[in-house]
Structures are given as structure tokens and as C-alpha cells.
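Input: a single structure, listed below in C-alpha cells.
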Amino acid sequence: MMALVLSFTGVNHFIYAGLQAPAPKDTNIVVPERMNFTLAAERSRPAVVFIQTYSNSPQGSASLENPLQDLLEELYGGQAETPQGDQSKDKEQKPQEYPIASASGVIISGEGYIVSNNHVIEGADRIEIVLNDKRSYNAKVIGIDPETDLSLLKIESGEVTPIIYGNSDIIKIGEWVLAVGNPFNLTSTVTAGIVSAKGRNVGVLAEQSNMAIESFIQTDAVVNVGNSGGALVNIKGELIGINTAIASPTGSYAGYSFAVPSNIVFKVVEDLKKYGQVQRAILGVTIQDLDAALVKAKKIPDFHGVYVDSVVKGSSAAEAGIQKGDIIKMIEGHIVDSPAELQEIVAIHRPGDKIKLSYSRDGKVRETEALLKNSTGGTKLSKKDPNEMGGLVGAQMRDLSKEEAKKFKVKGGVKIEKVLPGKFKSAGMADGFIITHIDKIPVKSIEDATKIINKNKQNGVLVQGIYPNGEKAFYAIAF
């Protein structure tokens, strides 16, 4: 009879059937206590949900350009099943649904708010949330933020277990972290790793938005397709990031993953809940890293800080006295050594906030205070409008910035960030459309659009505008 052999990679032991391994000679060996992740896993797993998105069109997933979603489509696109439930009512009237993708999300409040990635829900007509205890709900989109690739969803449920927020600012390189999510449809999977870097900009969001904010936490915890939108937690089980992307030539894990810091997540979520859109503060500078060539060319004494390449006229930085050639060293007491770090600090503030800056010019360190502005050059916060306009037509939108208006050669407008099921989608409008006129009346803000539509919706309205590629379009909207 042949003996069964089990071989374990990296272990020089063989176990033979019918034989017993000899006992070690020294039974008094003291084994160091291992790092224990059970508390973190127990505290975080109940707050991480499984997300399945569906489209009413077989082409519904075509808009998903994220490489993670592309791979997910290839692997699981035709295999996901529609959740079983009471289908006796209106069975024939329900449109056929096509699975787009599956991913993860994190419950961040007892009221049923869930944060995930924007690319996770992109193109979805229906979003299904499955909790850790198997309860299933349809989610409503509260808001999205392509600049950080975050989305805020809400479910009407009973009791849920929210995650505890941690402070991503204080986490250090080398600390242990856990990634919690649903890779390859393997629900509630936990992997461990360490923080490999902070303030990492990898350019993954640049294609989605020209105002992308990237200051990722980099980790070597295993993250794969389906982990997007899941939690990155510290050893206390506190949320320190939302897993967003991986560095990979294949679309699967190859060593490193990237998460949006929890402090940015918290600010974006609070804005979407309170205002319906993110209140984005802008300093008004273009900056670059201090590399060896720049330091040598400009005769800069050290590599600490970021170089100011240009200053936007009338911007917060300009009014604070910042000039081209200055080196920003610190903001609000935080050392700044990369553009990503500066972006992260500014991103957690709102227009109207004042921030202290430390910078050097001609070898002398100076200090100033900047009053942050919004994309239109003002300090006013946008009025809360999560449902009035967006809910009326079915869209997530924002006012067009001055820079975008100049780029597209228009005097102003409203940019459609995401078309949701509703009037605009029925008319054929797509993401990215810029509304410039409604019923031939110029539109420069969401407030303008709301007033015109509310006044004329009895007879329907004609929406006119332009797509980023220059294509002009008209849409007749009936109410």
C-alpha cells in the first residue's frame, strides 16, 4: 500500500499515512506571541457588505472602463444571479436585468448609509446590497464624487452594524492593516498586510476626472477584483481607508493595493449627506515634486516641500501672497513633501475655510493664511439639493467650474456627473453632458436649471448642451 504524501510549500516536512512524527526534543521552547487580528476582523466584517449591480440593457456595462470592472465582467458577468424574492407581482412588467459587476461597500452609520467606490455603481440601474447576515436590500444613490472615486448609498433596513471611523492621518508606514471585502464573490474575506506608503498618487483616477484627488494609502494586503469599495482597517477594526485600486499588469493582485484615506472619506460622505454634492476647496496652484533636477536647477537647499509652478490669478493662493517659485513646506501644521499630500490636506476642507501655510522664498521661511475658494472662485457653499433637481430628472450634477467653462468654450453650465434612472436617461442623455441652456435660457448653475424647469415643466422643456468631446446635443424632457 502506497503512503500518502502531503507537501506544503516552504516547509521541509512530509507526513506519511500510518506514521507519527517524532516529538520535538525540547518541549520548553517559548514561542513569541503572534499578532492577533481576530478583534479587528470581528469588529469590521459585519459592516462590510456585498454589492451587486444590474443594468436594464445588455450594453449597460459598456461604460465601465475601470480595469477591475473589466476583469470582473469577463469572469462573472454572465454568472451572477438575480436575487430570489417575491416575484409574483408585476412579473411580466419587470424589465430583464443584466448583471454588471459585484464589489464591496462599508456601512458607515446606523441609518443605513453605505460608502463604496464610484466606479462600482457606474452604469447601474439597480444596486443590490447583501449584508453580512444575508439580508438583501436595494440601495438608493445619495451622491457620488468622481474626483475621489467615492459614492454614498442608502438602504432602508432594520438594525445594521456600522464601522468605526479611524484617523488615517496618524497611521504609520509599517503598521498592520486588514482588507475586508468580497474578492471574486468570496464574501466577507479578510486579508492582512502592512501600510507600504502614504500619499501615493498612481494616476488611476485621472481618466475619470481632470480634478482627481489621489493620496492613497498603499498596502500589501491582498486585494482582488470584488474588493473595490471594501474596508481597510487598523488592528482595532477602525476604518482607515476604502480599497479602490490595485497595481497589476493583469487585473489581479500583484503585490500592492491602494485605498482612499478615511479622513477624505469622512469629509466626502458628510458633504454628500448634508449638501448633496461635495464642497471642494481649491488652493489655486499647480505644484510639482522637488526632484534632483529641479533642486539643482533652482538651487533649492533641500528636498522638503513642493514647488509652486504657477498660481491662478485671483485664487486663494494668490490672495495669500503665494508666488511662482515658492516652496510650500507645511499646511495646518502638516509637513508637505508631495503634491498628493497637499491635495489630501486641502481636500478635507471646504470653501470658506482658512488654512495656515508655511513656505520658503529666497531661502527664507514665511507664513501666511489662505481663504479657500470653490471652483467658481467664491467661498459660498452650494445649497443642499440632493433630491430637488437631481431627483426630478434623475441625475447627479454639479456646477461647471471656471476652468471647465473656458476649456469647453461656454459661459457656464451644469455638468451631469452621472445619469440615473429617470427623465434624462429616458431621453438618451449620457454621463458628462454639460447643460448650457434650457428652453433657450442660459444656465450657469444648478439653481438656474431648477428655477427654469420648475417654471416650465408643465409643458416639458428642451435641454441644450455639449459633451466633453465637443458634440452638441438637444434633449426634449417631458414631465
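What follows is calculated from the coordinates using simple rules that are stated; it is not laboratory data. Keep in mind the model is a prediction, meaning the values are calculated, not measured. In this analysis, Cβ positions are derived from the backbone assuming ideal geometry, glycine residues included, and neighbour counts consider all displayed protein chains.
Miscellaneous remarks
- The packing ranking of peptides 249-258, 292-301, highest mean first, is 249-258, 292-301, where packing means the average number of other beta carbon atoms within 10 angstrom of each residue.
- Per-residue extension of 0.36 nm, minus the Cα-Cα distance of Lys440 and Gln323, leaves a gain of 37.9 nm for this segment.
- Restricting the stretch 309-366 to GluC sites (Glu not before Pro) that sit in a DSSP loop and have at most 15 other Cβ atoms within 10 Å of their own Cβ leaves Glu332.
- Built amide H within the under 5 Å cut-off of Asp353, gap 5+: Leu372
- The length gained on full extension between Gln288 and Leu381, counted as 0.36 nm times the residue separation minus their Cα-Cα distance, comes to 30.6 nm.
- Other-chain or far-sequence residues with amide H under 5 Å of Phe433's (modelled H): Ile416
- Shown in residue order for the stretch 365-374 are the 3J(HN,Hα) couplings computed by the Karplus curve 6.51 cos²θ - 1.76 cosθ + 1.60 at θ = phi - 60°: 7, 10, 10, 8, 10, 10, 8, 5, 10, 8 Hz (x for Gly and Pro).
- Sorting Met330, Met429 from the fewest to the most surrounding beta carbons within 10 angstrom yields Met330, Met429.
- Per-residue 3J(HN,Hα) values for the stretch 114-125, derived from phi via the Karplus relation 6.51 cos²θ - 1.76 cosθ + 1.60 with θ = phi - 60°, read 10, 9, 8, 8, 5, 5, 5, 9, 4, x, 8, 9 Hz in sequence order (x marks Gly and Pro).
- If R0 is 41 Å, the Cβ-Cβ spacing of Ala430 and Ala197 corresponds to a FRET efficiency of close to 0.65.
- Label point distance in nm, Phe303-Leu186, each placed 7 Å from Cα along Cα→Cβ: 3.8 nm
- Each label point was placed 7 Å from the Cα along the Cα-to-Cβ direction; for Ala206 and Asp169 their separation is 2.9 nm.
- The overall shape of the stretch 285-371 is prolate: from the C-alpha gyration tensor, with semi-axes ordered a ≥ b ≥ c, the ratio a/c is 1.5 or greater and a/b exceeds b/c.
- Burial ordering of His334, His349, fewest other beta-carbon atoms within 10 Å first: His334, His349
- Nearest-20 debye value, the stretch 285-371 charge dipole, Cβ charges on Lys, Arg, Asp, Glu: 340 debye
- Separation of the Ala473 and Lys411 label points, Cα + 7 Å toward Cβ, nm: 2.4 nm
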